[in-house]
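**Q** Sharing a structure with you now.
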Amino acid sequence: MMKVFILFLHFTYVLSQSYEDRRCRCVCPSPAAVLNSTLSTDRKLFIANVHPSKCNCDGVILPRVGDEVKGHEQEFCPRCECKYETRNTTVIMVVVIMVLWLLMLLSVYMGFLMCLDPLIKKKKAKYHREQILSDEACNLLVHGDDAED
């Protein structure tokens, strides 16, 4: 019952966060590189949740930096690389939960073995003592026969 409650809380927490399975990712040069005509390697990343048909400079980048590059759109947009990406956060979440369960099971197993270890050592010590006593008894019998001869 407790496991179901913890699982319910986990799913509620994960679902309450806004994860996007689809996004448009655009990498562009700095607007200053286009305006000043300098060779700059600084790149900016723009991420937006838009329809795949709007995953381009006009749909993602110009609404954000339109004022900075006004009049230089034809120079700025060809330097941008936009890609529409999809991912499955459900699969990611399931894999993470499985890894956590595996770690928990291994921790419980390690705790069980740690509790079992003193009992095994106690039995080994008792067996070892019995073995030593029986070896000593055999030695006494063997040496006792030699002493009588």
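The values are calculated or read from the model by the stated rules, or taken from the named source; none is laboratory data. Quantities reported herein were computed from a predicted structural model and do not represent experimental measurements. For neighbour counting, all protein chains shown are included, and Cβ atoms are generated from backbone atoms with ideal geometry for every residue, glycine included.
**Q** Is it true that some residue in the stretch 65-82 is aliphatic (A, V, I, L, M) and either at pLDDT below 80 or farther than 26 Å from R22 by Cα (or both)?
**A** Within the stretch 65-82, one or more residues are aliphatic (A, V, I, L, M) and either at pLDDT below 80 or farther than 26 Å from R22 by Cα (or both).
**Q** For K123, work out the one condition from (1) more than 29 Å from R25 (Cα to Cα); (2) touching an Asp or Glu at 6+ places or on another chain (Cβ under 8 Å) it doesn't fulfil.
**A** (2)
**Q** Looking at (1) surrounded by fewer than 10 Cβ atoms within 10 Å (Cβ to Cβ); (2) farther than 30 Å from R22 by Cα; (3) modelled with pLDDT of 85 or more, which one does V91 not meet, given that it meets all the others?
**A** Unmet condition: (2).
**Q** If a residue has to be of a type outside the set (S, T, N, Q), farther than 16 Å from R25 by Cβ and in a loop (DSSP other than H, G, I, E, B) to count, how many in the stretch 48-93 make the cut?
**A** Here the count works out to 7.
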